[in-house]
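Enquirer: My structure is below; once you've seen it, I'll send some questions.
The values are calculated or read from the model by the stated rules, or taken from the named source; none is laboratory data. Not measured: the values here are computed from a predicted model. When we count neighbours, we look across all protein chains shown, and the Cβ atoms used for this are built from the backbone with ideal geometry, even at glycine.
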Amino acid sequence: MAAFHGIFRMADPPSVNSSEQAARAANRAERTERSVKRVEENLSKTLLICEALWELLSERTGLMLDDLHNKLYEIDMRDGSLDGKNQRKAIECSNCKRMVGPHHSVCFYCGQVIDDSVFRL
């Protein structure tokens with residue numbers, strides 16, 4: 001039985017005890033909840049601002065809700081997918097011909113500007 005002693009040995013105790021780990025996890029959860037709440041509040045405020053801007057624009061120009069819907073559809077379809085987003089796919093850099101991911105506005109291989117739109121995430 002002594003030959004198998006190393007196989008069945010208990011794992012070394014962690015450097016941080018479980019109550020400290022639980023406290024850290026709870027702290028991270030609280031920070032995440034606060035962060036999500038801030039994002040939700042900012043989104044609500046942004047929607048309110050968009051609604052106010054639309055109403056002002058509509059009142060002053062005579063644009064109708066159908067005009068807004070048509071423009072939203074047009075913009076949504078720019079990336080080829082009716083999904084409520086207008087985010088480009090990975091594309092080939094015009095300078096070095098390497099693929100550049102959708103979240104990069106500059107080719108990280110050669111520095112070529114890929115997308116200078118202020119409306120990209």
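Enquirer: For the range 66-116, which residues satisfy the criterion of being in contact (Cβ under 8 Å) with a residue 12 or more places away in the chain, within 19 Å of the chain's Cα centre (by Cα) and closer than 30 Å to TRP54 by Cα?
Expert: ASN86, GLN87, ARG88, LYS89, PRO102, HIS103, SER105, ASP115
Enquirer: Got at least one residue in the range 103-116 being surrounded by 11 or more Cβ atoms within 10 Å (Cβ to Cβ), at pLDDT 95 or above and among the aliphatic types (A, V, I, L, M)?
Expert: Looking for residues that are surrounded by 11 or more Cβ atoms within 10 Å (Cβ to Cβ), at pLDDT 95 or above and among the aliphatic types (A, V, I, L, M), one finds none in the range 103-116, hence no.
Enquirer: So, one more: What pairs come up if the first residue lies in the range 49-62 and is small (Gly, Ala, Ser), the second is loosely packed, with under 10 Cβ neighbours inside 10 Å, and their beta carbons are under 8 Å apart, counting only those six or more places apart or on different chains?
Expert: Filtered contacts from the range 49-62: SER58/LEU65.
Enquirer: Sort out which residues of the range 51-79 are of a type in the set (A, V, I, L, M) and either touching a strand residue (DSSP E or B) at 6+ places or on another chain (Cβ under 9 Å) or assigned to a helix (DSSP H, G or I) (or both), and write them in order of number.
Expert: Step one: of the range 51-79, the residues of a type in the set (A, V, I, L, M) are 52-53, 56-57, 63-65, 68, 72, 75, 77.
ALA52, LEU53, LEU56, LEU57, LEU65, LEU68, LEU72, ILE75, MET77, listed by residue number.
Enquirer: Scanning for something at pLDDT 85 or above, within 30 Å of GLY111 (Cα to Cα) and either touching a helix residue (DSSP H, G or I) at 6+ places or on another chain (Cβ under 8 Å) or of a type in the set (Asp, Glu) (or both), does the range 68-77 turn up at least one residue? Give the steps one after another, and end with the answer.
Expert: Applying the first criterion (at pLDDT 85 or above) to the range 68-77 yields 68-77.
Cutting the leftovers down to within 30 Å of GLY111 (Cα to Cα) gives us 75-77.
The next check asks that each one be either touching a helix residue (DSSP H, G or I) at 6+ places or on another chain (Cβ under 8 Å) or of a type in the set (Asp, Glu) (or both); those that pass are 76.
Scanning the range 68-77 turns up at least one residue that is at pLDDT 85 or above, within 30 Å of GLY111 (Cα to Cα) and either touching a helix residue (DSSP H, G or I) at 6+ places or on another chain (Cβ under 8 Å) or of a type in the set (Asp, Glu) (or both).
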